[in-house]
1. Any chance you could run the full-extension gain for residue 352 through residue 152? It's 0.36 nm times the residue separation minus the Cα-Cα distance, nm to one decimal.
2. Looking at the square roots a ≥ b ≥ c of the eigenvalues of the Cα gyration tensor of region 105-255, which shape do they give, rounded for a/c under 1.5, prolate if a/b is larger than b/c, or oblate?
3. Any idea what angle helix 176-194 forms with the longest principal axis of the chain, computed on alpha-carbon atoms, 0 to 90 degrees, nearest 10?
4. Looking at the square roots a ≥ b ≥ c of the eigenvalues of the Cα gyration tensor of region 183-230, which shape do they give, rounded for a/c under 1.5, prolate if a/b is larger than b/c, or oblate?
5. At residue 198 and residue 128, where each label point lies 7 Å from the Cα along Cα→Cβ, what is the point-to-point distance in nanometres?
6. Tell me, what is a quarter of the convex hull surface for the C-alpha atoms of region 227-316, in nm² with one decimal?
7. Where does each of 210-222, 329-341 land if you order them by average Cβ count within 10 Å, highest first?
8. Compute the acute angle (0 to 90°) between the alpha-carbon long axis of helix 140-153 and the principal axis of greatest extent of the alpha-carbon atoms of the chain; round to the nearest 10°.
């Protein structure tokens, strides 16, 4: 295969993925309905004005996302076409450092340009769109602080991971991809333990839930279902958004439950416990372990491709890079594989939607109040102005959770079935 043909194939795949994504957004907009067509499950939760607002929120976000995706697509294609990778490589090499440091500078340049491209969109979405619909609580100071901390952490952690990968590919010969895969997988696992303790507190304040009704109910449920918790915390999510959520962090004895303060304010105790039982279901059904295994397997495939394409002249020539290098080969391979990896995520997202149904079923089986979970999900959907009837193509490409109406009907079926 010639470099020209490779370029044509890469551009064709990127164009196909972009077009498919845009088609999904267009079809999703066609599913908008009037208040008279509101699903019966939500008629007690939405009034006509609130429902129209949810429709407007979808329209505004979809059009905004389409503009952002178009600009990003054209920028990436333009950068590729004018030889941007070559210019970044020349700039990185001008420091006259070793291969690893040069590679880190090269990746740093590309990462900085990516952040720079996305920054105006991130700012507009936060301070215009989210502000318009009453969600935003982020101040300019918090926005800047989050941006700087995110960039620093990305540089430190991402730089360490990439430096390790370069080291193994330079030193370990034909088995380098196995060494790099193993080290990268270990790095991911270690980070999953350290993040709740050292990284998340950099962005939010975590306060232990005091003794009282909520803590007593959580402790009783956890004990009944043999679910060990290291701590129960509320997080000041309200300083950035009015939207609510809950999540677990860590594994085993390091496991912590985190409740957004907005969630505690919006749900009653039974609804809160039903949501908690759903999250416990993900652990009890081994969903976290399965996704971790899939992630490790996918990274293994990626590292094997790095091995196959390392310093291949066709790849270097296609990206108009003058000098072959390990770091340029890895970045070029990631660029080639990126749209394919997006398509390959479709089965993972289908699995994630399946897991959500299983976690809902676990909540029903162990807490025994499917109606409480159903009410909680409806409250949160209305509060988030969620789209109730998304197009199947949009669901297939982007949804990690089933459409909320499907979950309501599944919970109704579980309730009718009884214990």
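1. Contour length minus the Cα-Cα distance gives 68.9 nm.
2. oblate
3. Approximately 30 degrees, to the nearest ten.
4. oblate
5. Going from the residue 198 label point to the residue 128 one covers 3.9 nm.
6. In nm², the orientation-averaged hull projection of region 227-316 is 9.1.
7. Top to bottom by mean Cβ count within 10 Å: 329-341, 210-222.
8. Approximately 50 degrees, to the nearest 10.
Every number in this text was worked out from the coordinates using simple rules, so none of it is lab data. This structure is a prediction, so every number in the text was calculated from the model and none was measured. Note: ideal-geometry Cβ built from the backbone for every residue, glycine included; neighbour counts use all protein chains shown.
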